[in-house]
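Student: Take this structure, written in structure tokens, and hold onto it; I'll ask about it next.
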Amino acid sequence: MSRKLLIDIHTHLYLPRYAQLLRARSQIPRITTLNGEERLVILAGEAATGRPVGPSYWDRDAKLRFMDTHGIAISIVSPANPWLDFLPPAPALQTCEALNSDLEEYCATSPEVELGGRRRKRLYGMGYLPVVPGQEVGGVCAAVEALGKLPHIKGVILGTQGLGKGLDDPALLPMWESIAKAGLVVFLHPHYGMPPEVWGAQENGHVLPLALGFPFETTTAVARLILTGILDKLPALKLLLAHSGGALPVLSSRLASCIAHDPVAASRLAHDARYYLGRMWYDAVAYGPEELAFVVPTRGTDRLLCGTDHPFFPPLKGEEMWMSVTENLDAVENAPGWSEGEKEGVRGGNAVELFGL
Ligand code: URA
Ligand code: ZN
């Protein structure tokens, strides 16, 4: 590939210690063996067969090979769902500490690349937080502080369950404060989707939960978060939304209008809802130029960053180039009306800025 700089900010791993944890379990989430092959079972509804799982999920050399194949210079890796969500509070704290230390090691010992005349690692990380039902928020804040001291950790990955009541739970305010203080980026990522009954009785595999459930989960979680007024309280909080913010970009004006018509909700916010959406960052994992164009008109391309969602969505016939990657790169290339400079920013420059690379 001839591109100058490509940085992948949406790319996952299961650290070997986490894969072992899943292998030892008999309930979802788990790694099980079917006909001699390991299978990953993390979503309700895939219990019968699970999905193929292998070294691309845990082997660092496999990640680096994937990066080389696709011309990716640097990846900001984040643990894949469902993180620690299923653990009780005390094991979540201990496992979080051990896994974040593994992640720091994974990144710190990765090869280097030259970026703007300086040597940089090829791998940086966004760590786990022990955010599980019943957890004391003080334990979460301690984990944030510990992560902030790890030199190759640039952020945290966060699902939507919070301490059991979602991300708009007032009990989480100290967590948001400590994340903002540590200067870590929050990568908001879905796992739960929508209640299974909304998908109907027809067998459609994972299509609807992944295509619609994941982004709708992000959409509702972020709308709820905006409605707490958190971004007025914490202007330094950096939120990066998976899958281009789900349906938020296309619903942003409707959300703003509904808030404006609701005095209770409106009284909690200093600005129009579109202002808060403009304060967030978005991955460019939307699979089409028209969809990227939804994200950009009000946001500006400087808040959009490339991602691959590796190792999910692998090629079905073993092709070297992953369609899930090339589709997203083509979408950036063909985004309507973007200058070359804007495209370069989305491919890499914006990530350098956001993560301080
Ligand atoms: N499927 C998942 O479970 N997680 C992802 O991040 C992508 C696809
Ligand atoms: Zn993902």
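The values are calculated or read from the model by the stated rules, or taken from the named source; none is laboratory data. Source: prediction; values computed, not measured. As a convention, Cβ positions derive from the backbone with ideal geometry for all residues, glycine included, and neighbour counts pool all protein chains shown. Side chains are part of the model used for accessible areas, which takes the heavy atoms of the whole protein and leaves out ligands, DNA and RNA. Shrake-Rupley method; radii C 1.70, N 1.55, O 1.52, S 1.80 Å.
Student: Does the chain classify as rounded, prolate or oblate by the C-alpha gyration tensor (a ≥ b ≥ c root eigenvalues; a/c under 1.5 gives rounded; else a/b over b/c gives prolate, otherwise oblate)?
Tutor: In terms of gyration-tensor shape, rounded.
Student: Any idea of the accessible area per residue across the chain, 1.4 Å probe, to the nearest Å²?
Tutor: 43 Å²
Student: From the square roots a ≥ b ≥ c of the eigenvalues of the alpha-carbon gyration tensor of segment 43-97, which class results: rounded (a/c under 1.5), prolate (a/b over b/c), or oblate?
Tutor: Oblate, since a/c reaches 1.5 and b/c is not below a/b.
Student: Could you list which residues have their amide H under 5 Å from that of VAL185, counting only those 5 or more apart in sequence or on another chain, with H placed in the peptide plane?
Tutor: Residues meeting the amide H criterion: GLY155, VAL156.
Student: Could you pull the accessible area for TYR106 with a 1.4 Å probe, rounded to 10 Å²?
Tutor: Its accessible surface works out to 20 Å², give or take rounding.
Student: Which one of GLY318, GLN135, SER110 has its Cα pushed farthest toward the positive end of the charge dipole of segment 7-355, where Lys and Arg give +1 and Asp and Glu give -1 at the Cβ?
Tutor: Most positive-ward Cα: GLN135.
Student: If you don't mind, another one. Can you send over the carbon and sulfur percentage of the accessible area for segment 7-355, probe radius 1.4 Å, protein chains only?
Tutor: Of the solvent-accessible surface of segment 7-355, carbon and sulfur hold 56 percent.
Student: List the pair-distance distribution P(r) of segment 176-330, using every Cα-Cα distance, as the percent of pairs falling in each 10 Å bin from 0 up to the bin containing the longest distance, rounded to whole percents.
Tutor: 10, 35, 35, 16, 4, 0
Student: What does the highest-first list of 255-268, 196-209 look like by mean Cβ count within 10 Å?
Tutor: 255-268, 196-209
Student: Run the simple label-point estimate for VAL250 and HIS271 please: 7 Å along Cα→C-beta, distance reported in nm.
Tutor: Spacing of the two 7 Å Cα→Cβ label points: 2.5 nm.
Student: Between ASN35 and LYS317, what's the calculated FRET efficiency when r is the beta-carbon distance and R0 is 25 Å? Round to 0.05.
Tutor: 0.80
Student: Moving on to the next point. Which shape class applies to segment 1-152: rounded if a/c is under 1.5, otherwise prolate when a/b exceeds b/c and oblate if not, where a ≥ b ≥ c are the square roots of the Cα gyration tensor eigenvalues?
Tutor: It comes out oblate by the Cα gyration axes.
Student: Quick one: compute the contact order of the chain, relative version, from alpha carbon pairs under 8 angstrom and 6+ residues apart, as a percent.
Tutor: Details: 626 pairs, mean separation 55.8, N = 357.
Relative contact order for the chain comes out at 16 percent.
Student: So, by mean Cβ neighbours within 10 angstrom, what's the order for 343-351, 22-30 with the highest one leading? Please report the intermediate quantities before stating the final value.
Tutor: Details: 343-351: 23.6, 22-30: 13.7.
For the peptides 343-351, 22-30, the packing ranking is 343-351, 22-30.
Student: Turning to a different aspect of this structure: What lysines does LYS154 reach when the alpha-carbon gap must be under 25 Å and sequence neighbours fewer than 8 apart in one chain are set aside?
Tutor: Hits, sequence-local ones excluded: LYS4, LYS63, LYS121, LYS181, LYS233, LYS238, LYS343.
Student: OK, next. Give me the extension gain from ARG65 to GLU333: residue separation times 0.36 nm, minus the current Cα-Cα distance, reported in nm with one decimal.
Tutor: Length gained, ARG65 through GLU333: 94.2 nm.
Student: For the chain, what is the mean residue ellipticity at 222 nm derived from helices alone (per DSSP H run of n ≥ 4: -39500 (n - 2.57); sum divided by total residues; nearest 500 deg cm²/dmol)?
Tutor: -11000 deg cm²/dmol
Student: At 1.4 Å probe size, what's the solvent-accessible area of PHE86? Round to the nearest 10 Å².
Tutor: 50 Å²
Student: Please work out the FRET efficiency for the pair ALA24 and ASN204, using the Cβ-Cβ distance as r and a Förster radius of 30 Å; give the result to the nearest 0.05. It would help to have the intermediate numbers written out before the result.
Tutor: On the way: r = 31 Å, r/R0 = 1.05.
E between ALA24 and ASN204, to the nearest 0.05, is 0.45.
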